[in-house]
Amino acid sequence: MEVIIQPDHDCAALLVARVIAKEIRAKPDLVLGLATGKTMEAVYRLLVRMHAAEGLDFSRCRTFNLDEYVGLAPGDSHSYRFYMNDHLFRNVNIDLRNTHVPDGMANDLGAECRRYEAAIARVGGIDLQLLGIGQAGHIGFNEPLSALRSRTRVKALTPTTVAQNAPLFGGADRMPRRAVTMGVGTIIEARRCFLLATGDSKADIIAQAVEGPITSMITASALQLHPRCTVVVDEAAGAKLKEKEYYRWIFENEPEWQDFR
Ligand code: GLP
């Protein structure tokens with residue numbers, strides 16, 4: 001794992017957007033794994049701006065989202081399909097047929113999960129997976145005790161996650177309690193992972209996920225097994241990390257990051 005500490009949320013989001021843009025330019029048919037949540041909104045805003053101002057070309061990109069709520073239709077403004085269309089897809093030149101979000105309305109959710117895994121395999125796997133982190137330490141909706149080798153499946157949401165996301169629905173009673181999510185095993189098979197976390201509400205969980213033991217209680221900690229995972233935080237979300245000076249030295253000195261300093 002590598003940790004990059006940026007001064008604030010905007011700088012952290014910009015760094016992630018620039019990495020994505022660089023990868024798309026290097027491989028125009030990039031397979032991108034995408035995440036939702038408040039933290040990602042700035043990343044998508046920047047990608048839309050790069051498309052408009054610099055001609056960043058999404059026409060051959062393929063995308064796979066991490067997760068979707070069970071029981072929400074694509075047209076529901078709380079669904080992650082709606083979020084993606086709204087924040088990114090309809091604002092860039094991506095072919096919607098190349099964008100994939102699990103179908104939370106499928107009659108047979110088990111079959112939908114197998115179909116999703118097969119679709120990822122058919123394109124040769126995910127090149128770059130973008131990740132946020134929930135306060136329960138989850139990636140996607142891999143809640144505590146998710147098997148670290150799990151595949152796409154239905155998960156029940158923990159009270160912590162319900163409490164975190166309920167305000168978006170106008171109350172916990174209006175929020176779905178289950179979601180289809182890529183598994184931890186699915187996620188860590190991506191060739192490159194980028195986790196973005198900002199704000200002081202993420203400081204404790206980031207310290208545990210990055211510097212604590214690997215545990216299914218905090219599924220983001222499974223990223224420690226990934227050979228090419230970068231965690232980008234702002235000062236607030238990185239505040240409780242112990243080895244900050246080491247991480248800063250690497251970012252300032254390693255040639256890999258010279259275009260991003
Ligand atoms: C949801 C998503 C996660 C995301 C998390 C963080 O729970 N399923 O993939 O990481 O939100 O959300 P936020 O960025 O709003 O803190």
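The values are calculated or read from the model by the stated rules, or taken from the named source; none is laboratory data. Nothing here was measured: the structure is a model prediction, and the numbers come from that model. Ideal geometry is used to build each Cβ from the backbone, glycine not excepted, and the neighbour counts take in all protein chains shown. To get the accessible areas, we keep the full protein, side chains included, count just its heavy atoms, and leave off ligands, DNA and RNA. Shrake-Rupley method; radii C 1.70, N 1.55, O 1.52, S 1.80 Å.
When 60, 18, 45, 49 are screened for being open to solvent by 50 Å² or more (accessible area, probe 1.4 Å), closer than 21 Å to residue 258 by Cα and either in a helix (DSSP H, G or I) or not hydrophobic (A, V, I, L, M, F, W, C) (or both), only 18 passes.
Taking the listed residues 42, 53, the one that is of a type in the set (Gly, Ala, Ser) and in contact with a helix residue (DSSP H, G or I) (Cβ under 8 Å, 6 or more places away or on another chain) is 42, with no other qualifying. Of the residues in the stretch 92-109, not one is in a helix (DSSP H, G or I) and either buried (at least 22 other Cβ atoms within 10 Å of the Cβ) or within 16 Å of the ligand (Cβ to nearest atom) (or both).
Exactly one residue out of 123, 184 is modelled with pLDDT of 95 or more, more than 14 Å from the chain's Cα centre (by Cα) and β-branched (Val, Ile, Thr): that is 123. Check whether at least one residue in the stretch 25-32 is in a helix (DSSP H, G or I), buried (at least 17 other Cβ atoms within 10 Å of the Cβ) and of a type outside the set (D, E, K, R), and report yes or no. Within the stretch 25-32, none of the residues are in a helix (DSSP H, G or I), buried (at least 17 other Cβ atoms within 10 Å of the Cβ) and of a type outside the set (D, E, K, R). Just so you know, in the stretch 173-217 the residues that are surrounded by fewer than 24 Cβ atoms within 10 Å (Cβ to Cβ) and hydroxyl-bearing (Ser, Thr, Tyr) include one that is nearest to residue 67 (Cα to Cα), and it is 216. State yes or no: is residue 76 touching a Phe, Trp or Tyr at 6+ places or on another chain (Cβ under 9 Å) and either open to solvent by 10 Å² or more (accessible area, probe 1.4 Å) or assigned to a loop (DSSP other than H, G, I, E, B) (or both)? When the stated conditions are applied, residue 76 passes them.
Taking the stated definitions as given, is residue 191 under 26 Å from residue 122 (Cβ atoms), away from the ligand (no atom under 11 Å from the Cβ) and touching a residue at least 12 places away in the same chain (Cβ under 8 Å)? So residue 191 fits the description; yes.
Contact annotation: residue pairs with Cβ atoms under 8 Å, 6 or more positions apart or on different chains, pairing a residue in the stretch 196-210 that is within 17 Å of residue 160 (Cα to Cα) with a partner that is of a type in the set (Lys, Arg), are 203/240; 204/240; 206/240. Looking across the stretch 143-158, the residues that are in contact with a helix residue (DSSP H, G or I) (Cβ under 9 Å, 6 or more places away or on another chain) and either near the ligand (Cβ under 10 Å from one of its atoms) or not hydrophobic (A, V, I, L, M, F, W, C) (or both) come down to 143, 144, 146, 149, 150, 151, 152, 153, 157.
Residues are listed down the side, and each one gets a yes or a no for (1) more than 16 Å from the ligand (Cβ to nearest atom); (2) out of contact with any strand residue (DSSP E or B) (no Cβ under 7 Å at 6 or more places or on another chain):
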| site | (1), (2) |
| --- | --- |
| 4 | yes, no |
| 12 | no, no |
| 16 | no, no |
| 21 | yes, yes |
| 35 | no, no |
| 48 | yes, yes |
| 57 | yes, yes |
| 64 | no, no |
| 71 | no, yes |
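Pairs are defined by a Cβ separation below 6 Å, a sequence spacing of at least 6 or placement on different chains, a first member in the stretch 24-35 that is closer than 18 Å to residue 139 by Cα, and a second member that is within 16 Å of the ligand (Cβ to nearest atom) and part of a loop (DSSP other than H, G, I, E, B); the pairs so defined are 33/126; 33/190; 35/66; 35/132.
When the residues of the stretch 33-42 are filtered to those that are open to solvent by less than 20 Å² (accessible area, probe 1.4 Å) and of a type outside the set (Gly, Ala, Ser), the one that is farthest from residue 67 (Cα to Cα) is 40. Please enumerate the residues belonging to the stretch 126-142 that are more than 7 Å from the ligand (Cβ to nearest atom), open to solvent by 10 Å² or more (accessible area, probe 1.4 Å) and over 22 Å from residue 24 (Cβ atoms). Correct list: 135, 136. Of the listed requirements (1) at pLDDT 95 or above; (2) more than 16 Å from the ligand (Cβ to nearest atom), residue 261 misses just one: (1).
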